[in-house]
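The values are calculated or read from the model by the stated rules, or taken from the named source; none is laboratory data. None of these values were measured; they are calculated from a predicted model. For neighbour counting, all protein chains shown are included, and Cβ atoms are generated from backbone atoms with ideal geometry for every residue, glycine included.
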Amino acid sequence: ETLDKGLEITKTTFFSKLTKAVAGKSKVDDEVLDNLEEVLISSDVGVATTLKIIERIEKRVAQDKYLGTEELNEILREEIASLLAETNTGNDSEFIVPSTTKPYVIMVVGVNGVGKTTTIGKLAHQFKNAGYKVVLGAADTFRAAAIDQLQIWADRVGVPIVKQQMGSDPASVAFDTLQSAVSQNADVVIIDTAGRLHNKLGLMNELSKVKRVMQKVVEDAPHDVLLVLDGSTGQNAFEQAKQFTAATEVTSLAVTKLDGTAKGGVVIGISDQFQVPVKYIGVGEGIKDLQVFNKFEFVDSFFN
Ligand code: GDP
């Protein structure tokens with residue numbers, strides 16, 4: 001229900017475009033496919049993924065000889081779902097971490113303003129509700145505001161936070177956080193890191209140092225490198241995904257602010273293009289407005 005609401009703008013915009021794309025046409029022909037291509041690209045699915053989807057539909061047109069435009073919705077929905085399923089395998093309904101890994105360490109990356117702190121706060125809330133003992137680490141030490149904001153979320157959720165002064169070494173904060181988490185027998189650690197995209201080498205060095213130092217405490221940490229992207233920025237989100245995946249091994253994505261945008265298509269394009277699963281989506285500013293990404297629900301809310 002919240003998902004439907006969260007994606008309302010994407011959905012209405014997409015549908016009005018789709019309706020125009022097939023207006024006056026009974027059969028899916030080259031013109032309809034061209035229009036559809038435009039619809040997908042303008043919905044921020046991205047060029048490469050759009051072409052992939054169009055190709056798949058072309059194949060079906062060729063196979064079935066005749067494809068009515070009234071069937072296009074259903075076919076598009078099937079193809080998008082199967083595309084998402086290629087990357088988004090596994091858990092897609094609950095906030096859970098593997099019971100065999102303790103503490104489970106999530107390193108969160110992303111540029112300022114994308115909703116990184118909010119996402120960490122919402123995640124902490126969900127994990128705590130699920131019965132996990134959660135510890136936060138404020139290793140985005142570049143801005144005082146980042147540390148303060150995370151403290152506010154820690155207080156709101158009611159979980160401990162490890163922090164140092166602004167400007168301190170992010171790796172040192174990460175180290176302290178893991179030590180504290182181990183001594184408290186915590187289940188989940190969420191570490192806020194690198195809020196700025198300086199040059200690629202700088203980012204790479206900073207993140208790999210944080211990882212290296214973490215591994216002195218928890219050998220196989222981090223277990224998840226979660227990149228937070230602002231879904232409402234469309235092509236910017238693609239660009240950030242490109243830079244972060246080049247700088248470090250990103251293992252999952254959180255796409256935020258899908259509630260206020262018509263650009264929900266980024267979710268499809270980004271997970272396809274970077275072959276990284278979307279784990280969470282943000283659909284509002286409230287503490288509960290984070291969902292585990294469910295590919296089928298996502299496609300359904302797009303098309304229903
Ligand atoms: P950070 O700089 O990346 O840590 O960004 P913040 O977490 O401080 O978020 C920036 C702004 O985006 C805040 O006003 C948040 O309330 C807002 N925000 C974060 N996630 C969402 C979301 O899913 N939907 C909406 N509408 N706003 C969001």
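One residue is enough: does the stretch 283-297 have a residue meeting the conditions crowded, with 20+ Cβ neighbours inside 10 Å, in contact (Cβ under 8 Å) with a residue 40 or more places away in the chain, under 20 Å from K122 (Cβ atoms) and of a type in the set (G, A, S)? Looking through the stretch 283-297, none of the residues is crowded, with 20+ Cβ neighbours inside 10 Å, in contact (Cβ under 8 Å) with a residue 40 or more places away in the chain, under 20 Å from K122 (Cβ atoms) and of a type in the set (G, A, S).
Under the condition of being in contact (Cβ under 8 Å) with a residue 40 or more places away in the chain and surrounded by fewer than 17 Cβ atoms within 10 Å (Cβ to Cβ), the residues counted in the stretch 75-97 number 8. Helices (runs of 4 or more DSSP H) fully within the stretch 80-187 that include at least 3 residues being within 16 Å of the ligand (Cβ to nearest atom): 116-129, 144-157.
The condition (being buried (at least 19 other Cβ atoms within 10 Å of the Cβ) and out of contact with any Leu (no Cβ under 8 Å at 6 or more places or on another chain)) is satisfied by just one residue among A124, A139, A144: A139.
For the stretch 34-52, the candidate set comprises residues that are among the hydrophobic types (A, V, I, L, M, F, W, C) and crowded, with 21+ Cβ neighbours inside 10 Å; within that set, the residue that is nearest to G234 (Cα to Cα) is V45. Set side by side, the residues I161, I190 differ, and just one is closer than 25 Å to N205 by Cβ, crowded, with 21+ Cβ neighbours inside 10 Å, under 24 Å from the mean Cα position of the chain (by Cα) and at pLDDT 95 or above, which is I190. Within the stretch 223-233, can you find the residues that are crowded, with 22+ Cβ neighbours inside 10 Å and of a type in the set (S, T, Y)? Of everything in the stretch 223-233, just one residue is crowded, with 22+ Cβ neighbours inside 10 Å and of a type in the set (S, T, Y), namely S232.
Taken over the stretch 258-277, the criterion of being more than 13 Å from the ligand (Cβ to nearest atom), within 25 Å of F127 (Cβ to Cβ) and either among the aliphatic types (A, V, I, L, M) or surrounded by 24 or more Cβ atoms within 10 Å (Cβ to Cβ) (or both) is satisfied by I270, S271, V276. Anything in the stretch 91-120 that is in contact with a strand residue (DSSP E or B) (Cβ under 7 Å, 6 or more places away or on another chain) and hydrophobic (A, V, I, L, M, F, W, C)? List them, or say none. Within the stretch 91-120, F95, V97, V105, I106, M107, V108, V109, V114, I120 qualify. Cβ-Cβ distances below 7 Å connect the following pairs, each with a first residue in the stretch 253-264 that is touching a residue at least 40 places away in the same chain (Cβ under 8 Å), a second residue that is near the ligand (Cβ under 9 Å from one of its atoms) and in a loop (DSSP other than H, G, I, E, B), and a separation of six or more residues or different chains: T256/V114; T256/G115; K257/G115; L258/V283; D259/V283; D259/G284. Within the option set N199, N236, N205, being surrounded by fewer than 22 Cβ atoms within 10 Å (Cβ to Cβ), within 16 Å of the ligand (Cβ to nearest atom) and free of Cβ contacts under 8 Å to residues at least 24 places away in the same chain holds for one residue only, N236. Among the residues of the stretch 278-297, the one identified as within 14 Å of the ligand (Cβ to nearest atom) and among the polar types (S, T, N, Q) is Q291. Tallying residues that are under 20 Å from S82 (Cβ atoms) and basic (K, R) within the stretch 271-302 yields 2.
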